[in-house]
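Working notes for the structure below.
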Amino acid sequence: MEYAGAVRGTERLFVAVKLPETLGGMLEKARKEASSKVKFAKWTHFQDYHITLQFLGDTPVEQIPALKEALREAAAGQQPFVLELDRWGTFGAGSAPRVLWAGVSGELERLHQLQRRVVAATEPLGFKAEARAYNPHITLARKYKDKLPFNELILEDLGCKANHTGNNCSEKDWTVDGFLLYATKMHAIPMYEPIEKLFFL
C-alpha cells in the first residue's frame with residue numbers, strides 16, 4: 001500500500017480493523033435514517049468505519065518504518081477470525097451521549113488477543129496501552145446536540161434496521177484477515193488515510 005508521506009514531522013496514527021465496504025454501506029444507509037431521528041454534531045464518513053486496536057498519537061515520521069515492522073510481527077502467526085455487526089449503544093451521559101456506536105460480536109476473544117499483540121509489539125517503541133479496558137466498537141457519531149434528552153429506546157430500532165434490508169436479514173459478518181495502520185487527516189473527507197495493511201501470515 002502506497003503512502004504519500006507527511007509534510008509535517010509527525011503523523012497522528014492509530015491501528016485498526018477496517019469494516020468491509022458492503023457492511024460500511026449497510027451502516028451508512030442506517031446512519032442516514034438515524035440522522036433524521038437523532039441529532040449529533042458529527043457523523044462518521046462510511047469509509048472511516050473501523051474498530052480501533054490501538055491509538056498511537058502523534059508519531060515522528062522517521063519512526064514509522066520501525067512501527068510497520070513491529071506491526072508485521074504482531075500479524076505474523078495470526079489466523080483469520082469472524083466478526084459480526086451487533087447492537088448499537090452510546091458512551092457518556094444517557095441524556096446527552098458523546099458517542100453513538102455500533103457493536104460487534106463473533107470471535108471476540110480472537111479480536112482481544114490481536115489487540116493485546118498489537119499493544120505488546122508497539123510498547124518497545126514507546127507507545128503505551130490505554131488504562132481503560134478494551135471495548136471494541138465502530139464509532140458512528142459524536143456529540144449529541146438536540147435540546148431534548150436522548151431517548152435510549154431508539155437504539156434498538158436503529159440497530160435492528162442497520163442489520164436488515166427489507167424483510168430479509170442481511171449478511172452482517174465478515175472475516176478479519178489483517179489490520180491497518182492509519183494516519184488521521186484532520187478536516188479531510190474521509191479523514192483516515194491507510195498507510196499500510198498488515199495481513200495475517
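The values are calculated or read from the model by the stated rules, or taken from the named source; none is laboratory data. Predicted model, so just to flag it, every value in this text is computed and none were measured. Glycine gets a Cβ as well: all are built from the backbone with ideal geometry, and neighbour counts include every protein chain shown.
Would you mention how many residues in segment 62-95 are in a strand (DSSP E or B), exposed (fewer than 14 other Cβ atoms within 10 Å of the Cβ) and out of contact with any Pro (no Cβ under 7 Å at 6 or more places or on another chain)? Lay out the reasoning, then the answer.
The first filter runs over segment 62-95 and keeps only residues in a strand (DSSP E or B), leaving 81-93.
Of the ones still in play, those that are also exposed (fewer than 14 other Cβ atoms within 10 Å of the Cβ) are 82, 91, 93.
When the remaining residues are screened for being out of contact with any Pro (no Cβ under 7 Å at 6 or more places or on another chain), the result is 82, 93.
Count: 2.
Restricting to segment 104-159, name every residue that is modelled with pLDDT of 95 or more, surrounded by fewer than 18 Cβ atoms within 10 Å (Cβ to Cβ) and in a helix (DSSP H, G or I).
The answer is Leu108, Glu109, Arg110, His112, Gln113, Arg116, Ala120, Glu123, Pro124, Leu125.
Find all pairs meeting these conditions: Cβ atoms under 6 angstrom apart; at least six residues apart or on different chains; first residue within segment 117-146 and more than 25 Å from Glu21 (Cβ to Cβ); second residue charged (D, E, K, R) and assigned to a loop (DSSP other than H, G, I, E, B).
From segment 117-146, the pairs are Lys145/Lys39; Asp146/Lys39.
Among residues belonging to segment 190-201 that are under 16 Å from the mean Cα position of the chain (by Cα) and in a loop (DSSP other than H, G, I, E, B), point out the one that is surrounded by the most Cβ atoms within 10 Å (Cβ to Cβ).
Among residues in segment 190-201 that are under 16 Å from the mean Cα position of the chain (by Cα) and in a loop (DSSP other than H, G, I, E, B), the one surrounded by the most Cβ atoms within 10 Å (Cβ to Cβ) is Met191.
Out of Glu21, Glu62, Glu11, Glu73, report the one residue that is among the acidic types (Asp, Glu) and within 26 Å of Glu171 (Cα to Cα). Quick ask: steps written out before the conclusion?
On the way: Glu62 fails: within 26 Å of Glu171 (Cα to Cα); Glu11 fails: within 26 Å of Glu171 (Cα to Cα); Glu73 fails: within 26 Å of Glu171 (Cα to Cα).
So the residue among Glu21, Glu62, Glu11, Glu73 that is among the acidic types (Asp, Glu) and within 26 Å of Glu171 (Cα to Cα) is Glu21.
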